[in-house]
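The values are calculated or read from the model by the stated rules, or taken from the named source; none is laboratory data. Nothing here was measured: the structure is a model prediction, and the numbers come from that model. Note that each Cβ is placed from the backbone with ideal geometry, even for glycine, and that neighbours are counted across all protein chains shown. SASA here: full protein model, heavy atoms, side chains in, ligands and nucleic acids out. Shrake-Rupley method; radii C 1.70, N 1.55, O 1.52, S 1.80 Å.
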Amino acid sequence: TTLEKYIEHPIVRKVKLSEEAKKLYTQLVTLGFTDNLVLGKAAALELSQRLMDVCNGFEPISSCLSCEEEGKGDNILHNLCPLHAECKKPRATYELLKENPKLDAVMELVEEIDPEEHQIVIWSCRTNFMELLANTLNEAGIPTCCFSGQQNDKQKKDAREGFMEGRYRICIANQQSAAYGVNFMKNCDYTIYACSNSSVEYDYQSRRRFLRGATTRMKYAYRLYVEGSVEERIYSSLDLGDDLIGETNSKDVFELKENA
């Protein structure tokens, strides 16, 4: 229906990377490493995640627990670290970049929507960005809750009830935990996809959370991503996948195409 058209076809907002982030992004794609990070064995999968972190305003860093335990160096697993090849306990940590255009864009959109007037659900598939968003919004005086695998049952109950009662003006959720079986978002009219993975099902189901029952008001969804980045490719694939599972598709989507 007309009231649901922006849920079915979200409004796109594009963001440009800072120069610092561009350098890191290019290094990761071209070399597979930066000064402070080397991709692991599942390089292709990790690359996508690390590039998303850069888009979200973080520098991913390979820290080394062995160095920490043995009191060696600065706990950062550098390219030239003698333990690098043999390190048994690498882990990723994150440092905030000086500029964060993605965070700025989310906050600008939140201000535009006006959380005092309208509640908002913001989706993020990356935990570090969820935490950054929640901290930034709460510090700005906007009551915000989170709903993800990081919260226990009591915290999730508080988030559900608080959002439905209006105590929380914004809920930050990840698609894996909140895309299915939750109804507390049904009266919310605005949602922002600030960071998404490539799951067509999660994306599709998460948008259905706003269409529970009869739609009596205009509903709005926004896709916010870094222009030209892996995020843009993820959203393109989600849109393509939506054609296959959407309720309005036609049989020609599935017809066998043969060469003339």
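Here are the criteria: (1) under 27 Å from GLU231 (Cα atoms); (2) not in a loop (DSSP other than H, G, I, E, B). Tell me which single one ALA159 does not satisfy.
Looking at each condition in turn, ALA159 falls short on (1).
I need a count of the residues in region 161-201 that are under 22 Å from GLU117 (Cα atoms), small (Gly, Ala, Ser) and open to solvent by less than 20 Å² (accessible area, probe 1.4 Å).
Residues meeting the conditions: 3.
If a residue has to be in a strand (DSSP E or B), modelled with pLDDT of 90 or more and out of contact with any helix residue (DSSP H, G or I) (no Cβ under 7 Å at 6 or more places or on another chain) to count, how many in region 9-63 make the cut?
3
Please verify whether ASN183 is free of Cβ contacts under 8 Å to residues at least 12 places away in the same chain and outside any strand (DSSP E or B), treating the condition exactly as stated.
Spelling it out, it is not the case that ASN183 is free of Cβ contacts under 8 Å to residues at least 12 places away in the same chain and outside any strand (DSSP E or B).
Applying the selection to region 237-260, what residues are under 17 Å from ILE192 (Cα atoms) and either open to solvent by less than 70 Å² (accessible area, probe 1.4 Å) or at pLDDT below 60 (or both)?
LEU238
Looking at TYR204, TYR222, can you tell me which residue is open to solvent by 10 Å² or more (accessible area, probe 1.4 Å) and either at pLDDT 95 or above or assigned to a strand (DSSP E or B) (or both)?
Every option except TYR222 fails the conditions.
Among the residues of region 126-134, are any modelled with pLDDT under 90 and β-branched (Val, Ile, Thr)?
Looking for residues that are modelled with pLDDT under 90 and β-branched (Val, Ile, Thr), one finds none in region 126-134, hence no.
For region 116-151, enumerate the residues that are open to solvent by 40 Å² or more (accessible area, probe 1.4 Å) and outside any loop (DSSP other than H, G, I, E, B).
Of everything in region 116-151, those that are open to solvent by 40 Å² or more (accessible area, probe 1.4 Å) and outside any loop (DSSP other than H, G, I, E, B) turn out to be THR127, GLU131, ASN135, ASN138, GLU139.
Pairs under 8 Å by beta carbon, first residue within 16 Å of ILE192 (Cα to Cα) and in contact (Cβ under 8 Å) with a residue 12 or more places away in the chain in region 130-157, partner among the hydroxyl-bearing types (Ser, Thr, Tyr) and surrounded by 19 or more Cβ atoms within 10 Å (Cβ to Cβ), six or more apart or different chains?
Between residues of region 130-157 that are within 16 Å of ILE192 (Cα to Cα) and in contact (Cβ under 8 Å) with a residue 12 or more places away in the chain and residues that are among the hydroxyl-bearing types (Ser, Thr, Tyr) and surrounded by 19 or more Cβ atoms within 10 Å (Cβ to Cβ), the close pairs are MET130/SER124; MET130/SER148; LEU133/SER124; LEU133/THR144; ALA134/THR144; LEU137/THR144; THR144/TYR168; CYS145/TYR168.
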